[in-house]
Amino acid sequence: MTEQHAQPHERRILGTELLWAFGVGVLIAAILSMVVFTALTRDINPPSNVERIDPKTLHLSGEFAEQNLGTTARDGGVTVRIITTQFMFAPHCLVVPEGRRVTLRFASPDVIHGILITGTNVNTMVVPGFVAQVYSEFTHSGDLLMPCHEYCGLGHSEMWATVRVVPESEFKPDRDGRVACAQH
Ligand code: CUA
């Protein structure tokens, strides 16, 4: 008797399992297509720049020395260099031109921080020992908030900076190609 009842029962189990497998398959396909869609249309990608830097000495010389931090416009390109540290950004305010591709480079001397710029595709972790590099084009002028979004210690909630997007006509680098918030 048990033999006769077992078969329809097992078919029902198989049916339920296939239904769940189908549902999960649809979900995975939806998530993957969202990833591909945002990558192609909104320029949202996982940060893939692998570049090492010594966290103990990055502030002493080279591109992350104090005099090189902030915005530099040179040879038609705009690069912003920022140190993320407990519990501040250096510099605390940075200027970028509207409607131009900007390279943002971050480095951390202490712990892992995370940064995002509200309303843009900029969102990355900053891991000590590596330079985090992202690109963006800012479409509207105005001030944007750049908070730290990776818990980094007691002062985490105080860690934020301002990104000042200015129209191209107001973006005026000095002789060394430098642009700072104090000028704006
Ligand atoms: Cu830095 Cu949270």
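The values are calculated or read from the model by the stated rules, or taken from the named source; none is laboratory data. Quick caveat: nothing in here was measured; it's all calculated off a predicted structure. Every residue, glycine as well, gets a Cβ built from its backbone with ideal geometry; the counts of neighbours run over all protein chains shown. Ligands, DNA and RNA are stripped out before the accessible areas are found, and what is left, the full protein with its side chains, is counted by its heavy atoms. Shrake-Rupley method; radii C 1.70, N 1.55, O 1.52, S 1.80 Å.
Of (1) over 27 Å from Gln86 (Cα atoms); (2) in contact (Cβ under 8 Å) with a residue 40 or more places away in the chain, Ala180 satisfies all except one. Which?
(1)
Looking at Phe171, Phe138, which one is in contact with a strand residue (DSSP E or B) (Cβ under 9 Å, 6 or more places away or on another chain), open to solvent by 10 Å² or more (accessible area, probe 1.4 Å) and more than 12 Å from the ligand (Cβ to nearest atom)?
Every option except Phe171 fails the conditions.
Going through the stretch 141-156 one residue at a time, which ones are farther than 13 Å from Ile112 by Cα and either touching a Lys or Arg at 6+ places or on another chain (Cβ under 7 Å) or near the ligand (Cβ under 7 Å from one of its atoms) (or both)?
Answer for the stretch 141-156, where residues must be farther than 13 Å from Ile112 by Cα and either touching a Lys or Arg at 6+ places or on another chain (Cβ under 7 Å) or near the ligand (Cβ under 7 Å from one of its atoms) (or both): just Asp143.
With the structure loaded, tell me whether Ala39 is part of a strand (DSSP E or B) and of a type outside the set (Phe, Trp, Tyr) or whether it fails that test.
On the way: part of a strand (DSSP E or B): no; of a type outside the set (Phe, Trp, Tyr): yes.
Considered against the rule, which asks whether it is part of a strand (DSSP E or B) and of a type outside the set (Phe, Trp, Tyr), Ala39 comes out as no.
Exactly one condition in (1) within 29 Å of Tyr151 (Cβ to Cβ); (2) surrounded by 13 or more Cβ atoms within 10 Å (Cβ to Cβ); (3) touching a residue at least 40 places away in the same chain (Cβ under 8 Å) is false for Thr72; which is it?
The failed condition is (1).
Quick one: what pairs do we get from the stretch 31-42, first residue under 12 Å from Asn121 (Cβ atoms), second not acidic (Asp, Glu), C-beta under 8 Å, 6+ apart or different chains?
Once the first residue is under 12 Å from Asn121 (Cβ atoms) and sits in the stretch 31-42, its partners that are not acidic (Asp, Glu) give Thr38/Ile44; Ala39/Asn45; Arg42/Asn121.
Could you list, in sequence order, all residues of the stretch 91-111 that are within 16 Å of the ligand (Cβ to nearest atom) and either charged (D, E, K, R) or surrounded by fewer than 16 Cβ atoms within 10 Å (Cβ to Cβ) (or both)?
His92, Asp110, listed by residue number.
With the requirement that a residue be among the aliphatic types (A, V, I, L, M) and surrounded by fewer than 18 Cβ atoms within 10 Å (Cβ to Cβ), what does the stretch 145-157 give you?
Once the filter is applied, which keeps residues that are among the aliphatic types (A, V, I, L, M) and surrounded by fewer than 18 Cβ atoms within 10 Å (Cβ to Cβ), the stretch 145-157 yields Leu145, Leu154.
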